[in-house]
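Working notes for the structure below.
Computed from the coordinates by the stated procedures, all read-outs in this text should not be read as laboratory data. Predicted model only: the values in this text are computed from it and were never measured. Backbone-built Cβ (ideal geometry, glycine too); neighbour counts: all protein chains shown.
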Amino acid sequence: MEILQSPLEDCFIVVPRAFKDARGVFCETFNKKAFELASGITVNFVQDNQSTSTKGVLRGLHFQTGAKAQAKLVRAIQGSVLDIVVDLRKSSKTFGQSFSLVLTAENRKQLFVPKGFAHGFITLSETSVFGYKCDAYYDAASEGGIIYNDATLKLDWHLSEDEFIVSEKDLQLPSFKEATA
């Protein structure tokens, strides 16, 4: 497993090694000891989530706050997604900066999203299966978000906005400035 630093502080790209033979492919998708040694971050995942989406489905930007904040390890199990994170930690050198990465079943790349980050993704392929591990349980009272088309962040979702399929709940999310006030 290769652990690469992204441009954002404490956010890592995780690239599992794949072993191919005539039977198919074997891949260790996560190794706690290797991750902690390479990243310096201790993580204890307690919940796994999975979603299935069609092309253009945009989920995010979501986060949890306070003691219920979540770190996540995200990946595309099937298809292709554009994954975007935004650093919301005011004490961070990369506060307010974003990073995006195309995650596919073929490239097997994963993104470690630390606590204090907003996270979202959009399906680029006809369908996707997206999975993620969380180090804290979902808590509706701690839920927060930022509108996907925030004027300050100016995120590039790689599709035209007329292709987006966004939930009514996500359409009501506040701006970056409002969410970080």
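As a size descriptor, the averaged projected area of the C-alpha convex hull of the chain was calculated at 10.6 nm².
The residue list Ala67, Gly96, Ile147 was ranked by how far each Cα lies along the charge dipole of the chain toward its positive end, using unit charges on Cβ atoms, and Ala67 comes out on top.
Its relative contact order, with pairs defined as Cα atoms under 8 Å and 6+ residues apart, puts the stretch 47-179 at 38 percent.
Partners of Lys93 within straight-line reach, counting aspartates and glutamates whose Cα lies under 12 Å from its Cα and excluding those fewer than 8 residues away in the same chain: Glu9, Asp10. Taking the fewest neighbouring Cβ atoms within 10 Å as the starting point, the ordered list for Ile3, Ile13, Ile165 is Ile165, Ile13, Ile3. Fewest-first ordering of Val113, Val102, Val46, Val14 by other beta carbons within 10 Å of each residue's beta carbon gives Val46, Val102, Val14, Val113. Free of any GluC sites (Glu not before Pro) that DSSP assigns to a loop and that have at most 12 other C-beta atoms within 10 Å, the longest stretch within the chain is 29-105. Panel order for Val85, Val57, by other beta carbons found within 10 Å of each beta carbon, from fewest to most: Val57, Val85.
Fraction of C-alpha pairs exceeding 17 angstrom in the stretch 32-100: 59 percent, rounded to a whole number. Counting only DSSP H runs of at least 4 residues, each contributing -39500 (n - 2.57), and dividing by the residue count of the chain, the helix-based mean residue ellipticity at 222 nm comes to -2000 deg cm²/dmol.
For the stretch 30-70 versus the stretch 82-130, the spacing of their alpha-carbon centroids is 10 Å.
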